[in-house]
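Remarks on the structure that follows.
The values are calculated or read from the model by the stated rules, or taken from the named source; none is laboratory data. The model shown is predicted, which means the values in this text are computed figures rather than measured ones. Cβ coordinates were reconstructed from backbone atoms using ideal geometry, including for glycine residues, and neighbour counts include every protein chain displayed.
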Amino acid sequence: MEFHKSEAHLDGPLFKNALQTVEEAAKLINCDPNVLERLKKPRRCVTVSIPVRMDDYSVKVFTGYRVQYNATLGPYKGGIRYHQNVDLPEVVGLAALMTFKNSVLGLPLGGAKGGVCVDPNTISRTEKQNLTRRYASEISAFVGPTKDIPAPDVGTDPQTMAWFMDTYSQEQGGYAQPGVVTGKPVEIGGSLGRNHATGLGVVYTAEKSFEKMGMKMAGSTIAIQGFGNVGSFAALFAHQRGAKIIAISDVSGAIFNGDGLNIPEIIEFIKTNKVLKGYTKAQPLTNEELLTLKCDALFPCALEGQIDVHNAENVKAKIIVEGANGPVSVNATKILHKRGVFIAPDVIANGGGVIVSYFEWVQDIMSLFWDEEEVNNRLKTIIHRAFDVGFKFHQEKNVDMRSAAMAVSVQRLEKAMLLRGLYPR
Ligand code: GLU
């Protein structure tokens, strides 16, 4: 798809990649062309300037975004990313992915994403709070418990959500509005099990993938890219299930141990050291080496665009479980699929986060909270159901799992859009 100059925000690699899968999925289900036309563009893109008082008393102006992609199935939902590479084209791509993720998971939610172009590691806690509060204020007209519900993503965490929730609540007359964001600390309306939900969902999806490939997770070898909220919990849960995590990585580099890394020890190490660099009971590895390591499964749990046509041929894992959003390109998916590599796509594999966000939002509305076991069990039911529906399509139509998941997703959106019709008409 070609875009003209004023549509540069639709020209990012992540979004174009998402559109390619949507168009291919639309063909598979013979999608209504009018529905497809609408699905290819975001509904609303908000760009804001965020003036922030820095610790030295100067004012720095950051740029933030909130993209509301589609609200057919329910209120907009999606995380907020703080990263130095955030720009509008990336947020559009991530918002589109949230739309298709929420649909394939069967959640009554639309898709959105937000972000601020900032390296969160270079600002102080006070500066991060100031930034979050002003960003929340700048987009407050567009969010709310029935409108658009943000959540954490790369570079944001429960504390960030607490500041967001407080700012929004203060601006609503001071009345607590826990339902405006999810991923909050449990003390202010967060859900038990939300913090580890994405990592747990990755492992629930991996278990299914192993089973379908006639393999077992216990005793398998796994390489994990990224050791943030997603990668570290995925590593821990896989380790607890008897898998050997032979390599992990973060911004400081990758580490390898063929006998399996001691994940609980590394999680403790990170608490004081912040990064993996300096951990001695392993050999150093490059990021590229990690991605192409000989192992049973690879979990890319960092950022988008990690495996493309340039390195897809070199990947040796038999299973890829996408903990990140968009880590494997569509064309790389085709190469890997041909080679018999099973890819559990992002829209299902990393859906644990938004699934438990949905539970948190429901619990906030009811003011009635579930225990952790209930949250984990309900998460498992939803993610396994989405996997099974996708897997059935994958087998029946003989297409890769990403195409299958997207086809199921587009079909649900198509039905809902046709039922609602066009306004005014
Ligand atoms: N940021 C997460 C994602 O990409 C979670 C979104 C949410 O909980 O709303 O799915």
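For the residues ALA112, ALA95, ALA176, the requirement of being more than 12 Å from the ligand (Cβ to nearest atom) and either surrounded by fewer than 19 Cβ atoms within 10 Å (Cβ to Cβ) or of a type in the set (A, V, I, L, M) (or both) singles out ALA176. Looking only at the stretch 93-108, which residues are assigned to a helix (DSSP H, G or I) and either closer than 16 Å to MET417 by Cα or hydrophobic (A, V, I, L, M, F, W, C) (or both)? Selection gives LEU94, ALA95, ALA96, LEU97, MET98, THR99, PHE100, ASN102, SER103, VAL104. Every condition in (1) acidic (Asp, Glu); (2) more than 19 Å from PRO51 (Cα to Cα); (3) away from the ligand (no atom under 16 Å from the Cβ); (4) under 22 Å from the mean Cα position of the chain (by Cα) is met by ASP119 except one, and the failing one is (2).
Would you confirm whether or not the stretch 321-340 contains a residue that is assigned to a loop (DSSP other than H, G, I, E, B), more than 16 Å from the ligand (Cβ to nearest atom) and free of Cβ contacts under 8 Å to residues at least 60 places away in the same chain? I'd like the intermediate steps shown before the answer.
Kept after step one, since they are assigned to a loop (DSSP other than H, G, I, E, B), are these residues of the stretch 321-340: 322-327, 329, 339-340.
When the remaining residues are screened for being more than 16 Å from the ligand (Cβ to nearest atom), the result is 329, 339-340.
Going one step further and asking which of them are free of Cβ contacts under 8 Å to residues at least 60 places away in the same chain, we end up with 339-340.
Within the stretch 321-340 (the criterion being assigned to a loop (DSSP other than H, G, I, E, B), more than 16 Å from the ligand (Cβ to nearest atom) and free of Cβ contacts under 8 Å to residues at least 60 places away in the same chain), the answer is yes, since at least one residue qualifies.
When every residue of the stretch 163-171 is checked against the conditions, none turns out to be buried (at least 24 other Cβ atoms within 10 Å of the Cβ), within 15 Å of the ligand (Cβ to nearest atom) and either at positive phi or at pLDDT below 95 (or both).
Checking each residue in the stretch 172-197 for being of a type outside the set (A, V, I, L, M), at negative phi and either in a strand (DSSP E or B) or out of contact with any Phe, Trp or Tyr (no Cβ under 7 Å at 6 or more places or on another chain) (or both) picks out GLN172, TYR175, PRO178, LYS184, PRO185, GLU187, GLY190, ARG194, ASN195. Residues in the stretch 357-365 include at least one that is within 16 Å of the ligand (Cβ to nearest atom), under 16 Å from the mean Cα position of the chain (by Cα) and more than 13 Å from THR205 (Cα to Cα). THR381 passes every criterion in (1) under 21 Å from MET215 (Cβ atoms); (2) more than 15 Å from the ligand (Cβ to nearest atom) apart from (1).
Annotation note: of ILE343, ILE320, the sole residue that is buried (at least 22 other Cβ atoms within 10 Å of the Cβ) and within 26 Å of HIS83 (Cα to Cα) is ILE320.
Closer than 28 Å to PRO145 by Cα, assigned to a helix (DSSP H, G or I), over 23 Å from the mean Cα position of the chain (by Cα) and at pLDDT 95 or above: is that true of LEU368 in this structure?
Numbers: closer than 28 Å to PRO145 by Cα: yes; assigned to a helix (DSSP H, G or I): no; over 23 Å from the mean Cα position of the chain (by Cα): yes; at pLDDT 95 or above: yes.
So LEU368 fails the test.
Kindly indicate whether any position in the stretch 24-31 is at pLDDT below 95, in a loop (DSSP other than H, G, I, E, B), more than 21 Å from the chain's Cα centre (by Cα) and over 24 Å from TYR135 (Cα atoms). Show your work before the answer.
Going through the stretch 24-31, the residues at pLDDT below 95 turn out to be none.
Within the stretch 24-31, none of the residues are at pLDDT below 95, in a loop (DSSP other than H, G, I, E, B), more than 21 Å from the chain's Cα centre (by Cα) and over 24 Å from TYR135 (Cα atoms).
Whenever a residue of the stretch 48-71 is at negative phi and outside any strand (DSSP E or B), its partners that are at pLDDT 95 or above and acidic (Asp, Glu), lying with C-beta atoms within less than 9 angstrom and at least six residues away or across chains, give the pairs MET54/GLU127; ASP55/GLU127; ALA71/ASP148. The condition (being closer than 20 Å to GLU414 by Cα and more than 12 Å from the ligand (Cβ to nearest atom)) is satisfied by just one residue among ASN70, ASN85: ASN70.
Looking at the stretch 183-206, which of the residues that are among the polar types (S, T, N, Q) and within 11 Å of the ligand (Cβ to nearest atom) is nearest to PHE359 (Cα to Cα)? Break it down into steps so the answer makes sense when it comes.
Here is the first cut: in the stretch 183-206, the residues among the polar types (S, T, N, Q) are 191, 195, 198, 205.
Filter once more, keeping what is within 11 Å of the ligand (Cβ to nearest atom): 191, 198.
Numbers: SER191: 7, THR198: 13 Å.
Here the residue is SER191.
Once the stretch 128-162 is narrowed to residues that are within 14 Å of the ligand (Cβ to nearest atom) and free of Cβ contacts under 8 Å to residues at least 60 places away in the same chain, the residue that is farthest from LYS60 (Cα to Cα) is PRO158. Tell me whether the stretch 351-361 contains one or more residues that are surrounded by fewer than 24 Cβ atoms within 10 Å (Cβ to Cβ) and among the aliphatic types (A, V, I, L, M). Taking every residue of the stretch 351-361 in turn, none turns out to be surrounded by fewer than 24 Cβ atoms within 10 Å (Cβ to Cβ) and among the aliphatic types (A, V, I, L, M).
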